[in-house]
Amino acid sequence: MIKLNLSEQKIAIIGLGYVGLPLAVEFGKKYQTVGFDINQARIKELETGVDSTLEVEPENLASSTQLSFSQNVDDIADSTIYIVTVPTPIDANKRPDLTPLEKSSATIGRVLKKNDIVIYESTVFPGCTEEVCVPILARESGLVFNQDFFCGYSPERINPGDKVHTITKIKKVTSGSTPEIAQVVDDLYNTIIEAGTFKASSLKVAEGSKVIENCQRDLNISFVNELALIFDRIGIDTVEVLEAAGSKWNFLPFRPGLVGGHCISVDPYYLTYKAQQLGYYPEVILSGRRINENMGAFVANKVIKMLINKNHIISGAKVLILGITFKENCPDIRNSGVVDIINEFADFSTAVSVYDPWVNKDEVKHEYGIDMIDEPREKYAAIIHAVAHHQFIGMDFKAMLQPNGVIFDVKSSLPKDIVDRRL
């Protein structure tokens with residue numbers, strides 16, 4: 001039986017994005033912690049006390065007195081607990097891309113020592129830790145799993161841009177590759193998570209709990225998105241219907257919209273991939289994905305029809321899109337559904353301008369090939385309120401609109417009397 005004195009452990013956090021950095025900061029307040037990332041620019045900005053993701057405030061970063069940053073593997077070689085928080089994206093064919101996970105496991109494996117613990121937080125399908133990661137760790141280290149080294153899984157529950165439900169305020173699921181290690185992992189996280197923990201019975205159960213959290217939300221949104229498609233044909237306002245239905249105490253308050261980000265638009269494909277490996281074709285989950293992935297095209301086509309009905313010439317028509325992040329009041333552009341709107345407008349040869357005060361324009365250009373504008377300066381045939389950033393509240397939309405122009409409110413958050421249509 002392995003017994004660890006938590007106070008003597010050195011922790012390495014592998015990956016310093018939206019998930020890894022907040023975790024590293026909290027552990028760095030109590031333990032000697034190294035935040036490791038292969039991105040040299042990211043390490044340099046963090047060493048100056050700046051977090052470009054805006055997840056960690058400078059004063060909170062500075063308060064993590066035992067935290068250091070490095071891109072040098074030698075600096076994590078003496079760690080005893082490794083926590084992996086790298087991205088788990090999908091490829092062009094919507095299959096899990098485990099490359100970051102595999103590479104980080106190989107890196108850890110090369111410095112792994114007897115009795116070390118490797119904990120994964122990246123979202124994966126049930127079984128991934130033991131089927132994909134463990135063999136890499138064993139191969140690179142020459143150690144024996146559950147004899148020389150051990151694993152844990154504690155899925156991330158970061159909500160980018162949320163300053164209320166921060167990492168310490170959200171209950172954490174934990175697990176371990178043996179009952180003893182499960183307790184060690186649970187005890188470790190309980191030292192930083194104020195909301196407490198839920199110790200799952202196995203790694204697979206913990207992995208499954210994470211992936212279905214976002215599958216459930218994806219399906220709930222797809223349901224109201226399908227309602228929006230139906231009510232559009234009927235000619236009634238979806239939000240008004242939902243508000244009326246919401247007068248019942250147990251009606252769930254979901255709203256139609258674009259689904260993007262690092263979790264909800266990606267995680268379902270991890271579960272369906274595993275299901276298909278086992279010979280089961282998941283119909284409900286994939287059906288919900290198809291609906292949500294088509295909402296950007298629906299918005300663009302609806303606006304085009306509205307412009308035609310108002311006698312606008314579509315080719316060259318000036319369209320302003322407000323917001324490109326996947327959610328309001330944060331700079332995260334990962335898997336943004338707004339891009340689907342932009343791409344659909346491009347098929348109609350419209351002149352699209354995109355404005356978002358939250359984003360790094362170079363990052364948007366690199367990721368999507370889109371040139372952002374500094375601020376709206378023209379009059380537009382159509383304005384699409386795509387993301388509800390607080391900077392857009394109170395904007396004079398009418399002053400930016402051409403005669404007989406169209407305002408479409410994707411977020412259904414603007415005053416109803418100023419918009420022509422809301423999702």
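Being closer than 22 Å to residue 340 by Cα and of a type in the set (A, V, I, L, M, F, W, C) is the filter; apply it to region 279-294 and report the residue that is surrounded by the fewest Cβ atoms within 10 Å (Cβ to Cβ). The selected residue is 286. Residues of region 239-271 that are more than 24 Å from residue 88 (Cβ to Cβ) and assigned to a helix (DSSP H, G or I): 239, 240, 241, 242, 243, 244, 245.
Exactly one condition in (1) surrounded by fewer than 18 Cβ atoms within 10 Å (Cβ to Cβ); (2) polar (S, T, N, Q); (3) within 30 Å of residue 160 (Cα to Cα); (4) at pLDDT 95 or above is not met by residue 276; state its number. Residue 276 satisfies every listed condition except (3).
The listed residues are 409, 362, 417, and the only one of them that is free of Cβ contacts under 8 Å to residues at least 12 places away in the same chain and closer than 22 Å to residue 231 by Cα turns out to be 417. The residues on offer are 201, 222, 209, and the sole one that is over 24 Å from residue 164 (Cβ atoms) and surrounded by fewer than 17 Cβ atoms within 10 Å (Cβ to Cβ) is 201. The residue of region 150-166 that is farthest from residue 128 (Cα to Cα), among those that are in contact with a strand residue (DSSP E or B) (Cβ under 8 Å, 6 or more places away or on another chain) and assigned to a loop (DSSP other than H, G, I, E, B), is 157.
Among the residues of region 301-321, not a single one is modelled with pLDDT of 95 or more, under 20 Å from the mean Cα position of the chain (by Cα), outside any loop (DSSP other than H, G, I, E, B) and surrounded by 21 or more Cβ atoms within 10 Å (Cβ to Cβ).
Residue under question is residue 172, and the condition is that it be at pLDDT 95 or above and either in the same structural domain as residue 293 (by TED's automatic domain parsing) or within 23 Å of residue 21 (Cβ to Cβ) (or both); does it hold? Give the derivation first.
Values: at pLDDT 95 or above: yes; either in the same structural domain as residue 293 (by TED's automatic domain parsing) or within 23 Å of residue 21 (Cβ to Cβ) (or both): yes.
Yes; evaluated as a whole, the condition is true for this residue.
Close Cβ contacts (under 8 Å, 6 or more residues apart or on different chains) running from residues in region 123-150 that are in the same structural domain as residue 104 (by TED's automatic domain parsing) and surrounded by 15 or more Cβ atoms within 10 Å (Cβ to Cβ) to residues that are part of a helix (DSSP H, G or I) and of a type in the set (S, T, N, Q) comprise 123/214; 132/105; 133/105; 136/105; 137/105; 140/105; 148/141; 149/141. Within the set 79, 68, the sole residue that is in contact with a strand residue (DSSP E or B) (Cβ under 6 Å, 6 or more places away or on another chain), at pLDDT 95 or above and surrounded by fewer than 23 Cβ atoms within 10 Å (Cβ to Cβ) turns out to be 68. When the residues of region 29-65 are narrowed to those that are over 28 Å from residue 99 (Cα atoms) and among the acidic types (Asp, Glu), which ends up surrounded by the most Cβ atoms within 10 Å (Cβ to Cβ)? So, considering only residues that are over 28 Å from residue 99 (Cα atoms) and among the acidic types (Asp, Glu), the one surrounded by the most Cβ atoms within 10 Å (Cβ to Cβ) is 57. Taken together, 363, 367 contain a single residue that is within 19 Å of the chain's Cα centre (by Cα), within 17 Å of residue 258 (Cβ to Cβ) and surrounded by fewer than 17 Cβ atoms within 10 Å (Cβ to Cβ), which is 367. Among the listed residues 192, 230, 212, which satisfies the condition of being among the hydrophobic types (A, V, I, L, M, F, W, C) and outside any helix (DSSP H, G or I)? On inspection, the qualifying residue turns out to be 192. Of all residue pairs spaced 6 or more apart or on separate chains, those with beta-carbon atoms under 6 Å, a first member in region 196-214 that is outside the structural domain of residue 261 (by TED's automatic domain parsing) and over 11 Å from residue 123 (Cβ atoms) and a second member that is assigned to a strand (DSSP E or B) and among the polar types (S, T, N, Q) are 197/174; 199/174.
The values are calculated or read from the model by the stated rules, or taken from the named source; none is laboratory data. All values reported here derive from a predicted model rather than from experimental measurement. With ideal geometry, Cβ positions are generated from the backbone for all residues, glycine too; neighbour counts draw on all protein chains shown.
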